[in-house]
1. Going by the structure shown, is A:Ala326 under 17 Å from A:Ile387 (Cα atoms), crowded, with 16+ Cβ neighbours inside 10 Å and either among the aromatic types (Phe, Trp, Tyr) or within 28 Å of the chain's Cα centre (by Cα) (or both)?
2. Testing B:Gly202 on (1) touching a residue at least 24 places away in the same chain (Cβ under 8 Å); (2) part of a loop (DSSP other than H, G, I, E, B); (3) closer than 30 Å to B:Arg453 by Cβ; (4) within 11 Å of chain A (Cβ to nearest Cβ), one condition comes back false. Which one is that?
3. Failed condition for A:Trp328, given (1) at pLDDT 95 or above; (2) under 25 Å from B:Gly246 (Cβ atoms); (3) not in a helix (DSSP H, G or I), with all others met?
4. Could you grab me the full set of residues in region B:417-426 that are at the interface with chain A (Cβ under 8 Å from one of its Cβ atoms) and either open to solvent by 40 Å² or more (accessible area, probe 1.4 Å) or part of a loop (DSSP other than H, G, I, E, B) (or both)?
5. From (1) modelled with pLDDT of 95 or more; (2) in contact with a Ser or Thr (Cβ under 9 Å, 6 or more places away or on another chain); (3) crowded, with 23+ Cβ neighbours inside 10 Å, pick out the condition that doesn't hold for A:Glu429.
6. From the set of residues in region B:447-477 that are part of a loop (DSSP other than H, G, I, E, B) and within 12 Å of chain A (Cβ to nearest Cβ), which is surrounded by the fewest Cβ atoms within 10 Å (Cβ to Cβ)?
7. I need the full set of residues from region A:205-220 which are open to solvent by 10 Å² or more (accessible area, probe 1.4 Å) and part of a loop (DSSP other than H, G, I, E, B), in order please.
8. Please go through region A:147-166 and give me each residue that is under 20 Å from A:Asn105 (Cβ atoms) and assigned to a helix (DSSP H, G or I), ordered by number.
2 protein chains.
Amino acid sequence: VTSDFAIRIPALSPTIELIVDADTLRRHCTDYNGRNTGQALAIVRPGETGDVVKIVALCRQEGVAVVPQGGNTSDYGGSVPAATGRSIVLSLSRLNRILDIDLTNNTARVEAGVVLADLNRKLAEHDRWFPVSLGSEGTCQIGGNIAMNAGGNTVLRYGMMRDNLLGVEGVFGNGDHYADMQPLRKKCIGYHIGDLLVGSEGTLGVITKAILKLQHLPKALVTAWMSAASLNDALQTLDMVRQHLGERLTAFEVINQLQRRVIERYQPALKDPIAQDYEWAILAEFTDTAGQEALSASVEAALAAALEAGAISDALIAANGAQRQAFWRIRESVLDANNAMGWAVTHDASVPVSKLPAFAERVDKEVRAQFPTARFLAAGHAGDGNIHLGVFFEKADFDGLADFKRATQAINAQVFQIAHALGGHFSSEHGIGTKHRMPFLTYTPASNLALMRVLKSALDPQGIMNPGKIFDTAEAV
Amino acid sequence: VTSDFAIRIPALSPTIELIVDADTLRRHCTDYNGRNTGQALAIVRPGETGDVVKIVALCRQEGVAVVPQGGNTSDYGGSVPAATGRSIVLSLSRLNRILDIDLTNNTARVEAGVVLADLNRKLAEHDRWFPVSLGSEGTCQIGGNIAMNAGGNTVLRYGMMRDNLLGVEGVFGNGDHYADMQPLRKKCIGYHIGDLLVGSEGTLGVITKAILKLQHLPKALVTAWMSAASLNDALQTLDMVRQHLGERLTAFEVINQLQRRVIERYQPALKDPIAQDYEWAILAEFTDTAGQEALSASVEAALAAALEAGAISDALIAANGAQRQAFWRIRESVLDANNAMGWAVTHDASVPVSKLPAFAERVDKEVRAQFPTARFLAAGHAGDGNIHLGVFFEKADFDGLADFKRATQAINAQVFQIAHALGGHFSSEHGIGTKHRMPFLTYTPASNLALMRVLKSALDPQGIMNPGKIFDTAEAV
């Protein structure tokens with residue numbers, strides 16, 4: 001049956017590519033960090049939207065699951081198939097055309113497989129950019145960014161992927177093609193069906209195209225590194241700079257002292273720009289369409305006011321591109337440093353920005369009460385309420401823990417519980433995938449789950465779309 | 001049966017108010033412009049979300065339609081019941097509490113019945129505003145703004161209602177309660193079910209609460225009136241000011257010469273700020289969080305560059321609040337002037353901004369070929385691609401037309417067809433209601449309609465929610 005099925009796929013259309021060699025299968029069935037792996041009958045690479053319609057129709061007929069895959073950079077197992085093998089990986093990588101760029105309308109029409117960094121390279125030639133900025137931008141694809149509702153470093157100013165979309169095209173699990181591809185900022189199109197695909201992690205349908213809002217490339221840039229004694233002070237600084245600079249504030253990241261020390265131990269070259277001891281580093285970036293001098297002067301005035309008010313104790317402004325890169329390299333080394341230097345249980349929770357100090361304080365206190373050798377890590381997007389809090393163990397301490405998995409679960413349960421008690425949510429921008437299905441079921445109200453199941457049944461009645469993800473605890477169709 | 005049914009409603013909960021007197025019924029069953037009218041068994045005013053759950057459950061049981069109603073300011077019949085009378089009007093007007101305002105998080109949690117202008121009055125006390133700006137803001141309610149996906153004058157900068165929402169609470173027609181009320185900019189909550197309510201015009205469920213993104217009140221403001229020889233020149237000006245001023249450009253409206261003359265005939269006090277004859281007026285507004293002098297200087301520099309490039313022939317900057325109001329009063333008098341001075345068939349179509357000149361030219365030419373006495377009107381949101389194009393007849397000329405209704409239909413068909421041929425859409429920000437069901441069915445792809453019906457059946461299986469609207473050509477349940 002398996003080989004029969006695979007053989008029928010290329011017959012659907014001359015632009016469909018079928019790959020069944022073991023190496024390619026293995027590569028597409030394992031995610032980038034090697035943590036999640038599954039089985040598939042074949043890797044199928046359509047060349048046109050029409051191919052996707054035909055592939056989904058055949059898979060419905062045969063009861064074969066469809067696992068849409070972009071750059072396969074998901075952290076939580078969302079982009080690889082389950083272990084049963086009754087599935088195909090539908091790779092969008094050949095749907096990688098930038099169909100048009102309309103400079104007056106400030107929009108681009110793209111296929112789902114366009115790599116985020118490739119798009120921005122092309123747009124830069126036209127003095128534009130697409131303001132989603134992610135660590136994986138060299139590999140991740142627009143379709144995957146939509147399916148995950150990607151966030152990143154510039155959400156504060158530009159919002160999530162969802163906020164930067166004007167429409168999508170896709171194919172739902174019930175076989176229906178959907179197109180909302182008019183590049184308009186205003187349109188009454190009835191139910192906003194395409195938005196169901198945003199953040200659905202491939203469980204409702206396959207995204208094939210999108211219309212993206214573009215921005216003019218900023219011409220002025222200021223990057224600042226500051227020291228604050230507390231998260232409260234960091235938030236006061238946030239308020240002050242936002243009041244002065246409005247949307248020019250593009251990023252507002254914080255990193256606590258332990259996290260910076262772990263990074264420095266990992267790579268001494270990544271040393272803290274401010275020599276004295278202090279608790280919270282703030283990395284803020286400001287951009288503007290024009291007026292470098294005016295922007296620099298405004299930022300300097302705002303930081304002077306924050307210093308004056310005692311919200312920050314020191315502030316450095318990057319004097320050149322190399323200094324800016326040095327600031328950002330510290331921020332971007334968090335994951336590698338934690339993995340190299342110890343055991344870190346990190347999180348992707350958000351709370352209202354006003355609740356960040358309470359969140360950090362409670363996590364620090366409550367986790368240490370249970371795990372005395374644990375220490376509190378924090379690095380993330382304070383301006384969005386999304387600090388990636390973590391709990392760090394020196395390797396020696398963690399090896400002493402009886403049960404790694406149980407400890408992780410216990411810490412997660414505590415952190416998630418505290419986030420929700422403060423009006424937050426355990427998951428912000430990394431998706432649910434397979435890894436976070438259980439907390440998803442715990443923290444989603446029962447009637448919301450009931451509605452999700454109503455929609456899943458309506459739009460993917462056979463359950464062929466990416467089974468086993470988000471809220472589906474059965475591993476296979 | 002009717003009175004039996006009505007009597008059972010207040011028994012559901014002490015906080016439900018039932019109104020059955022003829023005057024109130026008539027008022028809630030007719031829309032503000034008197035064009036659409038229907039029948040209802042009762043006006044029901046819940047006091048809590050729980051009341052709405054109970055009301056929907058009873059209506060499902062009895063097969064009575066539910067017509068959610070906010071400020072009843074819909075232009076196209078979306079907010080009033082059909083003529084059959086087997087319905088209740090569910091007025092949200094008592095759910096009018098501002099539940100909280102979080103200044104650090106820049107969010108407000110509100111009930112659906114809060115009047116837009118009341119919210120902004122309250123927010124102004126805290127140096128904040130909710131950036132949706134509409135002619136009906138003194139009457140329209142947040143829930144209605146969401147149900148219609150309201151647009152308005154500041155979409156260029158802040159987007160539509162949808163873009164300013166962080167989540168909603170509501171009750172679907174299948175009885176399920178939905179809540180996405182965590183005030184977070186990032187959250188992985190599974191399917192974005194609340195977004196289905198945005199723009200659904202009450203046909204899927206009732207919106208009961210919302211979380212809104214706030215903005216700091218701008219401290220600097222510049223309003224300019226310019227003259228341009230063509231729409232192409234106006235778009236060149238748009239590009240130049242946006243390149244210099246980025247998001248500080250908050251509105252970019254255009255008004256053509258005929259439209260301005262109609263306004264002047266209507267009220268001579270509303271005379272054109274620029275004395276000489278010219279084709280297109282541009283009304284642009286720029287705001288910033290701080291720095292009035294810097295903003296004024298930047299705008300002046302950008303307008304000087306546009307003058308230099310020949311994109312505009314003249315430019316006036318409002319010297320004070322009275323002058324600014326005088327500029328805006330011209331823009332806001334369009335509807336009243338057209339109604340008073342002749343017959344105008346106006347439209348709410350959008351096209352990509354780059355296609356606006358072709359759109360205007362084709363409408364002008366093709367409509368006049370069919371109706372030689374017609375003249376071409378235009379006033380609207382050029383920055384969004386949403387110019388409200390219109391066709392104007394002097395009263396005498398229009399009276400000469402054989403059939404008013406058929407002429408309107410013929411003009412609409414032409415304008416809608418041209419918009420779609422240019423990659424646009426016939427409807428932008430005024431909804432579909434009952435009035436635009438036929439073009440909606442014409443211009444929505446069949447597979448999109450099929451998906452809409454799948455969702456309608458799944459979320460409102462008995463079809464009790466606001467029957468007869470958007471794509472439902474049966475008038476009643």
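The values are calculated or read from the model by the stated rules, or taken from the named source; none is laboratory data. The model shown is predicted, which means the values in this text are computed figures rather than measured ones. Note that we place each Cβ from the backbone using ideal geometry, even for glycine, and neighbour counts take in every protein chain shown. These area figures cover heavy atoms from the full protein model, side chains too; ligands, DNA and RNA do not enter into them. Shrake-Rupley method; radii C 1.70, N 1.55, O 1.52, S 1.80 Å.
1. no
2. Against the list (1) touching a residue at least 24 places away in the same chain (Cβ under 8 Å); (2) part of a loop (DSSP other than H, G, I, E, B); (3) closer than 30 Å to B:Arg453 by Cβ; (4) within 11 Å of chain A (Cβ to nearest Cβ), B:Gly202 comes up short only on (4).
3. Status for A:Trp328: all satisfied but (3).
4. B:Gly423, B:Gly424
5. Exception for A:Glu429: condition (1).
6. B:Pro461
7. At the first step, the residues of region A:205-220 found to be open to solvent by 10 Å² or more (accessible area, probe 1.4 Å) are A:207, A:209, A:213, A:215-219.
Scanning region A:205-220 gives A:Leu217, A:Pro218, A:Lys219.
8. A:Tyr158, A:Met161, A:Arg162, A:Asp163, A:Asn164, listed by residue number.
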